[in-house]
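S.K.: One structure, as structure tokens, below. Some questions next.
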Amino acid sequence: MTTSAVLAVSGGVLVACGVAMLLERSLSRLVVGVLVLGNGVNLLILGSGGPAGRAPILDGAGRPVSDPLPQALVLTAIVIALASAAFVLAIGYRSGRLSGDDEVRDDVEDRRLTRGDHELRAEVRAQRRRFRAWRREQRRQVRAARAALRRDIRAERRRRAIDDPARIEEPDPGPGDRQDEAP
Amino acid sequence: MNHLLPLPVLLPMAAAGVKIVLGPRRPGLQRAISLGVLAAVLGVAVALLAAADRDGPQLDQLGGWAPPIGITLVADRLSAVMLTVSAAVILCVMVYAIAQDVADQAPGTPLSVFHPSYLLLVAGVNDSYLAGDLFNLFVGFEIMLMASYVMITLGGTPARIRSGTTYIIVALLSSMLFLVAIAVVYGATGTVNMAQLAGRLAALPPGVAHLAELMLLTVFGVKAAAFPLSMWLPDSYPTAPAPVTAVFAGLLTKIGVYGVIRTETLLFPGGQTRALLMAVALASMVVGILGAMVQVDIKRLLSFTLVSHIGYMIFGVALDSAAALAATVFYVLHHITIQTTLFLVTGLIERRGGGTSLDRLGGLARTAPLVGLLFFVPAMNLGGIPPMSGFVGKLGLLQAGLADGGPLAYVLVGGAVVTSLLTLYALVKVWNQAFWRAPCTPAGTAADGGGRHGEERAARPGGDGDEEDPPAAVTASLPPAMVGATVAMVALSLAYTVGGGPLIALADRTAAELLRPAGYVRAVAAHAPGGF
């Protein structure tokens, strides 16, 4: 069989582009991918009909005519590609109405299953680390607060000892102190 | 010339047209049309099977154009027997779907959308079985797929749109690949008539023939969901309504298997891809069943067992002996019936238990003993418990594998046994959790079920919740017609055991015919002016 190299090469290039577009997540790109891929395939089918430039079949008295069958096949394929593209567009529209974009989401169940042991354990570790850091921070704050309080108390005692040396022996300044200060 | 041949395609297609015109009007008449047409298709299929079994392949030339240019419809034993079983299954699923609509008092959508697409799907399925040329097979596939796109996105809920997109893109890609394969075959041989191809492909240089064969196998592998090409199936099937999933699982994958059988017996006999098919079969069986074991949703679990059991059929085709092909044909028939039944029962479970997640179901054996029985019988059948048809089919395949005797065949036999046991494990897990253990809530009433769903949804992080369908209304009542249709399917699957002798004899004759494609070629060539 002989065929036109241009048809074969451009068909191949279109198929490659179409497949690349099909790998995208956005449905509008997928539609373009389907159309480009379909056109590439149609060129390949046309190419399978033999060399270009022959007479159409009606005009073929005595001369070699071009094969009409691939043309009929391509016609069917074009109609089918049109219907498919229309359907994908409708799906994209619906998806846009539902979720605001036309990206194809991951499967919910898949995501749930693939979050296996490994990720769960990592998550537990991270949680524990966060908890420990939080606890350290809390303790540090408590210690700091206690130290500040003690410093204040000491300063207070020193002040009062200067004012009234007799009171310095008193063991627990606690509530008594505050009552004294209140007025 | 047998002019019955176009009827299985024409009747449903015409009925679909009538329904689109009628829209949601005259529901009673429309249901009668659906059931009448599908019953008529079943009748025609039985007549074709009888004729094909008695007189050899039946032919019809559409429009009176002679082969190889005209479109040929051929019904040999394989086509006719698959057509018959499919027609029976399709009729039962239609009864089930109608009963469900009537019980739910659904508005017009089922009549104006579901019925026409279902009938077009049937037309496409039947056209694929009867196609006598490669391009008509492609057209049959496309009719079927176009209808299935509508059915899998029925209602347009977020979950169905998402899973439908995966399904549609994979299907479109495989269709394109099919067209490229047809271009390659036509460029190399100058014909798309299968009977003529059988002769011309054999004369091709081995490299070109091998390329065409592998492309066709890839296309049919995607349709059949054989392992590396099966990823789309468990993602897309479970979200659809029960009757849709049932008919998809039962029929659409088997058309892929039908394509593989045709490719390997008629177009490229001789088993050049034997090792490849064996590897694919083993991987499908093992990966599929391992996937099924970890699922918590019954529909997804069944989808994975579907992938796994496709492996058995590919195994039979790879062995390429009379016994193996006979067992494959038997297994295909058994599996069409059983897989559809299981999905229909899952629909009943969903109605009764309020969902299909094993985490939430429980105690159904007490609250719905009939559903339990209807699940148990086909589940054991799928697992291959004697004396049911699953056992017969698997036994045939294993015997054929042992008779083959190659090291690969032995590995496959081992894999098949392990897969069978694991299938049993997966299904018993479903049985234990959904049916036998104590119910999760005391009564499982409608209010309870709804409440549980509500909490569950509220507890989930937002990213997951927005893709879930709203929970199906929990209805305690099971319409008798739905149960009746399921009972009929279970009875059909048991009939394969009761009528096992004649059916296995028919499968043997089918295999014998498949192994001698000369008869098929001669039958078609007889109608060509001047032969091939």
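S.K.: Out of residues 5 or more away from A:Ala55 or on other chains, whose amide H comes under 5 Å of its own, with H placed 1.01 Å from N in the peptide plane?
M.R.: Hits under the 5 Å cutoff: A:Ser66.
S.K.: Modelled label-to-label distance, B:Leu370 and B:Tyr410, 7 Å Cα→beta-carbon offset: nm?
M.R.: With each label point 7 Å from Cα toward Cβ, the separation is 5.2 nm.
S.K.: Based on the Cβ-Cβ distance from B:Arg509 to B:Ala39, what FRET efficiency comes out when R0 is 45 Å, to the nearest 0.05?
M.R.: On the way: r = 27 Å, r/R0 = 0.59.
For B:Arg509 and B:Ala39, the calculated efficiency is 0.95.
S.K.: Another question, then. Using the basic label-point model (7 angstrom from Cα toward the beta carbon), what is the A:Arg146 to A:Ala126 distance in nanometres?
M.R.: Here the answer is 3.4 nm between the modelled labels.
S.K.: Using amide H atoms built 1.01 Å from N in the peptide plane, name the residues 5+ places from B:Asp76, or on other chains, whose amide H lies under 5 Å from its own.
M.R.: When sequence neighbours closer than 5 places are left aside, the close amide H contacts are B:Gln58.
S.K.: Residue-wise, which Karplus ³J(HN,Hα) couplings in Hz belong to segment B:85-102, taking 6.51 cos²θ - 1.76 cosθ + 1.60, θ = phi - 60°, and x for glycine or proline?
M.R.: Using θ = phi - 60°, the values come out as 5, 4, 4, 5, 5, 4, 5, 4, 5, 5, 4, 4, 5, 5, 4, 5, 4, 4 Hz.
S.K.: Label A:Arg63 and A:Tyr93 with points 7 Å out from Cα along Cα→Cβ: what is the distance between them in nm?
M.R.: If labels sit at A:Arg63 and A:Tyr93, their model points lie 4.6 nm apart.
S.K.: Assuming R0 = 30 Å, can you tell me the calculated FRET efficiency for the pair B:Ile385 and B:Leu276, based on Cβ-Cβ distance, to the nearest 0.05?
M.R.: That gives a FRET efficiency of 0.40.
S.K.: Would you kindly derive the ³J(HN,Hα) couplings of segment B:186-200 from the backbone phi angles with the Karplus curve 6.51 cos²θ - 1.76 cosθ + 1.60 (θ = phi - 60°), listing them in order in whole Hz, with x for Gly and Pro?
M.R.: In residue order, the calculated couplings are 5, x, 7, 10, x, 8, 10, 6, 4, 5, 6, 4, 3, x, 6 Hz.
S.K.: Mind checking the angle between helix B:206-224 and chain B's longest principal axis? C-alpha axes, 0 to 90 degrees, to the nearest 10.
M.R.: Relative to chain B, helix B:206-224 is tipped by roughly 20 degrees.
S.K.: If you take each beta carbon of peptide A:10-17 and count the beta carbons of other chains within 10 angstrom, what is the mean?
M.R.: Across A:10-17, the average partner-chain Cβ count within 10 Å equals 1.
S.K.: Partner chain Cβ atoms within 10 Å, averaged over the residues of A:83-94 - can you pull that number for me?
M.R.: Mean shielding by partner chains, rounded to a whole number: 4.
S.K.: I've got another one for you. Name the shape class, rounded, prolate or oblate, that the alpha-carbon gyration tensor gives for chain B, where a ≥ b ≥ c are the square roots of its eigenvalues, rounded holds for a/c under 1.5, and otherwise prolate holds if a/b is larger than b/c and oblate otherwise.
M.R.: In terms of gyration-tensor shape, prolate.
S.K.: Next question. Taking amide hydrogens as modeled 1.01 Å from N in the peptide plane, which residues meet the under 5 Å criterion relative to B:Asp133, leaving out close sequence neighbours?
M.R.: Placed amide hydrogens put B:Thr72, B:Met194 under 5 Å from B:Asp133.
S.K.: I would also like to ask the following. Output ³J(HN,Hα) for segment B:56-63: one whole-Hz value per residue in order, computed from phi by the Karplus curve 6.51 cos²θ - 1.76 cosθ + 1.60 with θ = phi - 60°, and x for Gly and Pro.
M.R.: With coefficients 6.51, -1.76 and 1.60, one gets x, x, 9, 10, 8, 9, 6, x Hz.
S.K.: Over the Cα atoms of segment B:1-113, compute the convex hull volume and normalise it per residue, giving Å³.
M.R.: Enclosed volume per residue, from the Cα hull, is 100 Å³.
S.K.: Would you mind getting me the FRET efficiency between A:Val6 and B:Ala66? Use the beta-carbon distance for r and R0 = 35 Å, nearest 0.05.
M.R.: Once rounded, the FRET efficiency stands at 0.50.
Values quoted throughout were computed directly from the atomic coordinates according to the rules given, and no laboratory measurement underlies them. Because the structure is a prediction, the values reported are computed rather than measured. Reconstructed Cβ throughout: ideal geometry from the backbone, glycine too, with neighbour counts over all protein chains shown.
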